[in-house]
């Protein structure tokens, strides 16, 4: 689900797109793009299988200009992950889920892909499109524990490590895995596993299941969201694992209710997270944490903002023409988009994404460039999280919303939908008398070229 900071980045986007809106993204750590960059790509992951035994998946890559102008006619490049894994000498993945880039300069060199069905983290060279590293965390470091449920793998801002949020087995606590990363030499090594069950009592939950996380700008701390509510602040330790990870702050489930989802950095050392109700109904929230004094052991309670709609998931930020910062959250189950003024901590608008050409879009992970917000739309038979919400008429793909200059609304029409329907991979037996596309998009990331 998916975290760009605004430092330096906003100015770049203003110059690139000559627009009054400059924005940043949910669930991908900070990166700075050089002023000379004028192009980008949109990478989106279809987590449905392309190989045998439920393995594989696809990555779609669109030119940013093409998908922004007319998404319906933009032609993507497609990577078959089953084939790419074999070519790299890696095991074929299952359910490729979250895709995020690293922080090399002047631009990202690799994307990091978490496979939530097979416990793998893939490192993919952006230029060559090849898988250049694969680390499986099932069993954990030295047998410390770990399952196939590698939900999100996030690169640190200093590029020294990637931390994997392993949800754990059903009804059991999960783990954090630390991978030492060397992008120059494509050397990736699992060096540590932290079991999280020991924190359940303090959280007030029966188990501790990590979902997503983000680093502070100095790469020293990670804010980790949880499936049962609550949040852990983790001291990352050393990149080689000799200084282990340690939990330095526990926010219990009463302080941070809701299923933790996206995490992103904001200006002034703040961290923004979601608290979602999921597919079962209930309240949804947006939280902002002051992480500016984490190194001093100071952890204030977060600001809590209640969100209309159901199941907050993707969240990005937008700066209006007056320089005011807003959060934009997509509500996956109710198909709404909320606009939140982060100065007053109030929801200023709620708009529906349901349309005649996409009745039940199910907006998920999002990213934003200038005034264009890109959102992955789920499939007819979702493979993760909202699997019970089946609908044959769904439109799997990427929606391109044009955000208003004042960051309180959007427009989109049929030409703004880049389809990821695969006419070859069809499934039946789900909806009587119908064969439907197997496609189920989830992870999404903007990559600057």
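The values are calculated or read from the model by the stated rules, or taken from the named source; none is laboratory data. These numbers were taken from a predicted model, which means no experiment stands behind them. Ideal geometry is used to build each Cβ from the backbone, glycine not excepted, and the neighbour counts take in all protein chains shown.
List of remarks:
- Restricting the search to helices (runs of 4 or more DSSP H) fully inside the stretch 1-91 and requiring at least 1 residues that are surrounded by fewer than 24 Cβ atoms within 10 Å (Cβ to Cβ) and at pLDDT below 50 gives 9-17.
- Every residue from the stretch 217-240 that is buried (at least 24 other Cβ atoms within 10 Å of the Cβ), touching a helix residue (DSSP H, G or I) at 6+ places or on another chain (Cβ under 8 Å) and not in a loop (DSSP other than H, G, I, E, B): 226, 232
- Residue check, residue 342 within 22 Å of the chain's Cα centre (by Cα) and closer than 27 Å to residue 64 by Cα: no
- Sole residue being under 15 Å from residue 210 (Cα atoms), buried (at least 22 other Cβ atoms within 10 Å of the Cβ) and modelled with pLDDT of 95 or more, chosen from 152, 108: 152
- Number of the exception - residue 384 against (1) within 29 Å of residue 79 (Cβ to Cβ); (2) surrounded by fewer than 24 Cβ atoms within 10 Å (Cβ to Cβ); (3) touching a strand residue (DSSP E or B) at 6+ places or on another chain (Cβ under 6 Å): (3)
- Remark: residue 101 falls outside the filter, which requires a residue to be in contact with a strand residue (DSSP E or B) (Cβ under 9 Å, 6 or more places away or on another chain) and under 23 Å from residue 55 (Cβ atoms).
- Flag if residue 399 is touching a helix residue (DSSP H, G or I) at 6+ places or on another chain (Cβ under 8 Å) and under 27 Å from residue 348 (Cβ atoms): yes
- Screening 147, 193, 181, 208 for residues that are modelled with pLDDT of 95 or more, over 23 Å from residue 238 (Cα atoms) and either in contact with a helix residue (DSSP H, G or I) (Cβ under 8 Å, 6 or more places away or on another chain) or assigned to a strand (DSSP E or B) (or both) leaves exactly one candidate, 208.
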